[in-house]
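Data block below; observations after.
The values are calculated or read from the model by the stated rules, or taken from the named source; none is laboratory data. This structure is a prediction, so every number in the text was calculated from the model and none was measured. Neighbour counts are summed over all protein chains in view; Cβ atoms, including those assigned to glycine, are modelled from backbone coordinates with ideal geometry. Keep in mind that these areas ignore ligands, DNA and RNA; they rest on the heavy atoms of the full protein, side chains included. Shrake-Rupley method; radii C 1.70, N 1.55, O 1.52, S 1.80 Å.
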Amino acid sequence: MTIEDCVDKGTLRTTCDPDEAVLSSDVTFITVGTPNKEDGSIDLKYVLEASNMIGKALRRKNEWHLIVVKSTVVPRTIENFVRKAIEEASGKVAFKGFGLAVNPEFLKEGSAIEDFMKPDRIVIGANDEKSMRVLEEIYSSFDCPKLATNINTAELMKYANNAFLAMKVSFINMMGNLCEKLPGTDVEVIAKGIGFDCRIGPLFLRAGAGWGGSCWPKDLKALANFGKNTNVRLPLIEATLEINENQPYRVIELAEELLNSLKLRKISVLGLAFKPNTDDIREAVSIKIVKALLDRGAKVSVYDPAAIKNVRQIFDNRISYANSALECIKDSECAMIITEWDEFRELKPEDYARLMKRPILIDGRRIYNTKEYTRYVKIKAIGLGETCPSN
Ligand code: UGA
């Protein structure tokens, strides 16, 4: 069923009027963004603006209303801020006049609808029975584990989930950096081997040039900051962030190992989005890599099937923009795979050998069979020790 179908059937209505939205419904979900402030701490301005609007609307409503926070917020946000904002704006007392709950989402960009329809689990955080009951009823038709807990635990769970996944990726990237120094070792084989252990699992163990996006970087920074403010050391979070901070520069170092200086060299960057199948470049590692290349005096050409428009806004005419991968690598002295778009998997080693001025390739996402490519190009891959016999 599409959004249009729902609008046609009258099951989905939109309005820009918060009063109308609250007065014509029983439950309001707050789904606004929670960016970071300069110091990394969570910026609650949108959550509080929404809380305030809902509170004002509730002044005109006699019936009990449930407010559910879906936005990612650090523990005690509902208790200390949202509750107060709604109470002040509505003149009502929480749990009597209105209910409060947290219902974190675990959706991935690009597969949000599928993730929503087939969740691994649903987490409901509420401190009163009525709020809990209403949310349980809303999700009653979903056939998945459901976890009912209190508000603070549900708030923290979302951070724990993102932090654990990011830690898994940073861990495998760290192992990859070690492999690069150990002839014959390959992080891909290590990831496969440890992934068979059902206590570890195979997912989110793809080593690469680092992780980005609109969620993990902001959430891990907010969690690290929350730890500091709570006087609890969170060394795994700090290390996860630190590994990721440096990871994009591994690609540059690998290029320098092959080219010595990058000054005035034409370098092609293939892939700009923070992951494939999106045009989103928020906290994308490609931005750091392009900046680092420019700092080293390289002439940078970039290509991405979807994200060029967004990247142009950052680099304008300081770099050149190609219309295809083949155009991007033409006459180049080094090509770097930064996002693993399927389109790049289709390129053949002969394409690089034929079009580039010097066929040097850095596989920052492990999309190529290095052994097959070595016959045509000089290739270095993230997480691969030189002369890997198993490859
Ligand atoms: C992430 C989480 O996966 C969702 O569960 C969560 O709901 C969401 O953040 C959020 O907080 O809203 P998303 O940002 O869409 O979702 O991206 P992911 O698919 O998780 O990938 C994150 C980054 O890790 C990407 O840059 C990706 O390239 C990188 N990654 C992922 C790796 O480098 N290796 C892997 O094995 C997996």
Q: Scan the range 1-100 for GluC sites (Glu not before Pro) in coil per DSSP, keeping those whose Cβ has at most 14 other Cβ atoms within 10 Å, and list them by number.
A: E38, E63
Q.
Using protein chains only and a probe of 1.4 angstrom, how many square angstrom of L234 are accessible, to the nearest 10?
A. 50
Q.
With +1 on the Cβ of every Lys and Arg and -1 on the Cβ of every Asp and Glu, and nothing else charged, how large is the dipole of the chain about its Cα centre, in debye rounded to the nearest 20?
A. 840
(Q) Mean-square fluctuation check for the chain, GNM, Cα pairs under 10 Å: which of D17, D279, D43 is largest? (A) D17
Q | DSSP-defined antiparallel bridges as percent of all bridges, the range 3-149, nearest 5 | A | 20
Q) Which aspartates and glutamates have a Cα less than 18 Å from the Cα of K61, not counting those fewer than 8 places away in the same chain? A) D17, D19, E20, D26, E87, E88
Q: Of the DSSP beta bridges with both residues in the range 180-391, give the percent that are antiparallel, rounding to the nearest 5.
A: 5
(Q) If each DSSP helix of 4+ residues adds -39,500 (n - 2.57) and the sum is divided by the residues in the chain, what number results at 222 nm, nearest 500 deg cm²/dmol? (A) -13000 deg cm²/dmol
Q. Near T77, within a Cβ-to-Cβ distance under 15 Å, what is the net charge of the other residues, with Lys and Arg +1 and Asp and Glu -1?
A. +2
Q: With the full set of protein chains in place, find how many percent of the accessible area of the chain is carbon and sulfur; take the probe as 1.4 Å.
A: 53
Q. Just in the range 68-148: which chymotrypsin sites (Phe, Trp or Tyr not before Pro) are loop by DSSP and have at most 15 other Cβ atoms within 10 Å?
A. Y139, F142
Q.
Report for the chain the percent antiparallel among DSSP-assigned beta bridges with both residues inside it, nearest 5.
A. 10
Q. Can you give the accessible area of C215, probe radius 1.4 Å, in Å² rounded to 10?
A. 60
Q. Which loop chymotrypsin sites (Phe, Trp or Tyr not before Pro) in the range 238-343, with loop taken from DSSP, have no more than 14 other Cβ atoms within 10 angstrom of their Cβ?
A. none
Q) Hey, with R₀ at 41 Å, roughly what FRET efficiency would K263 and A112 work out to, going by the Cβ-Cβ distance, to 0.05? A) 0.45
Q: In whole angstrom, note down how far apart the Cα centers of the range 326-391 and the range 233-251 are.
A: 26
Q) In the Gaussian network model of the chain, springs joining C-alpha atoms below 10 Å, which of R199, R375, R59 carries the largest mean-square fluctuation? A) R199
